[in-house]
Amino acid sequence: MTSANLGDLDIYYEIKGAGEAVLLAPASWWPAAAWNVGVVPFLSKRFKTIVFDCRGTGRSSQPKDGYTVPQFAQDCLGLLSHLGVSRCHAVGFALGGQIMQAMAIARPEVVATLTIAASGAGTKTLAGGERTLSPDTEREIQTIGFERYIRNYIENDRMAFNRQFYREHSGVVSALAGAVWSGQSTVEMFRRHEEARLSWDTLGKAPEVRVPTLILCGADDDVARRGSTPVGTAHRLAELTPGAELFLVPNTKHMTFWDGDGGLRALEEFLLRHPMGTP
């Protein structure tokens, strides 16, 4: 077990591959294990991948506080410092995209490129109103159980996967659901990660980004989430982020890097066009 002691907590991490460093930040309440389903095996052929469990998930510490996007970003910077990595490609999925955006704004010299995949709008809806968490989540967990709730989030062709991929690649779907469930601890920790999504104004902060940026999203990731959709947010982020590139992955829903390989190939192409030595 490899962990970085950051003073008030230990962050579990894994490194695979060689080359330029790619830090992969997970979705809220997702552990590092999720990246090992397809993503790390693909990227580690060309890059040094770094995956980790955020505070409160998997094998990292579970402190009582610090569950905000800015604090998650500071945890990432602490991990990079521990590893002696002075510069990296920062890639985040969902909440992880918010975390990497915050890190790029706080320490642009550390971030060679930024990729935000399928992230939410943060504190505000696309129309500018205040976003809230769904009141149905806790009731659903109580009704069907915590594990079934987590697995249902992955095991569906309504929001998560393209219908054809879901039917033809049940092994990938099952592996991802199992990996995500493997990192859960308590419903309380799950709730704190859910609340973290609303601790950062993704759209409001977008103009502050000053590094090459890829906004990545499934073209069919259009299920409404309390006043926004990931694809709608992606369009808006691309407009607001200076110089950003937008790529909408065809025939792909919310599982950007797992619903087929289009998202991974778009990411790889972007990283190869922006090596560390170039601005």
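The values are calculated or read from the model by the stated rules, or taken from the named source; none is laboratory data. Nothing here was measured: the structure is a model prediction, and the numbers come from that model. Cβ: placed from backbone, ideal geometry, glycine included. Neighbour counts: every protein chain shown. Note: areas computed on protein heavy atoms with side chains; ligands, DNA, RNA excluded. Shrake-Rupley method; radii C 1.70, N 1.55, O 1.52, S 1.80 Å.
Calculate, for the range 154-218, the solvent-accessible area per residue in square angstrom, rolling a 1.4 angstrom probe over the heavy atoms of the protein chains. Mind dumping the intermediate values first?
On the way: 2800 Å² over 65 residues.
Value for the range 154-218: 43 Å² per residue.
Extension gain residue 182-residue 136, at 0.36 nm per residue separation less the Cα-Cα distance, in nm? Can you show the working numbers first?
Values: separation 46, 0.36 × 46 = 16.56 nm, distance 2.32 nm.
In short, 14.2 nm is gained.
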**Request:** Taking the Cα centre of the range 100-253 as origin, sum charge times position over the Cβ atoms of Lys and Arg (+1) and Asp and Glu (-1), and report the length of that vector in debye to the nearest 20.
**Result:** 60 debye
**Asked** What nm value, rounded to one decimal, do you get for the distance between residue 265 and residue 168 when each label is placed 7 Å out toward the C-beta?
**Response** 1.3 nm
**Asked** Which lysines have a Cα less than 20 Å from the Cα of residue 205, not counting those fewer than 8 places away in the same chain?
**Response** 124
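Please report the projected area of the range 140-279's Cα convex hull averaged over all directions, in nm².
Numbers: hull surface 39.0 nm².
It is 9.7 nm².
Ignoring ligands, DNA and RNA, please state the percent of accessible area on the chain from carbon and sulfur, probe 1.4 Å.
49 percent
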**Message:** Per residue, how large is the accessible surface of the range 1-85? Use a 1.4 angstrom probe and give square angstrom.
**Reply:** 37 Å²
**Asked** If each of residue 143 and residue 85 carries a label point 7 Å out from its Cα toward its Cβ, how far apart are those two points in nm?
**Response** 4.0 nm
**Message:** Report for the chain the percent antiparallel among DSSP-assigned beta bridges with both residues inside it, nearest 5.
**Reply:** 30 percent
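Taking the Cα centre of the range 190-279 as the origin, how large is its charge dipole in debye, to the nearest 20, when only Lys and Arg (+1) and Asp and Glu (-1) carry charge on their Cβ atoms? Could the numbers behind the result be given before it?
Numbers: 11 positive and 13 negative charges, 65 e Å.
The calculated dipole for the range 190-279 is roughly 320 debye.
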**Request:** Check cross-link reach from residue 45 to the lysines: straight Cα distance under 25 Å, and skip same-chain residues fewer than eight apart.
**Result:** 16
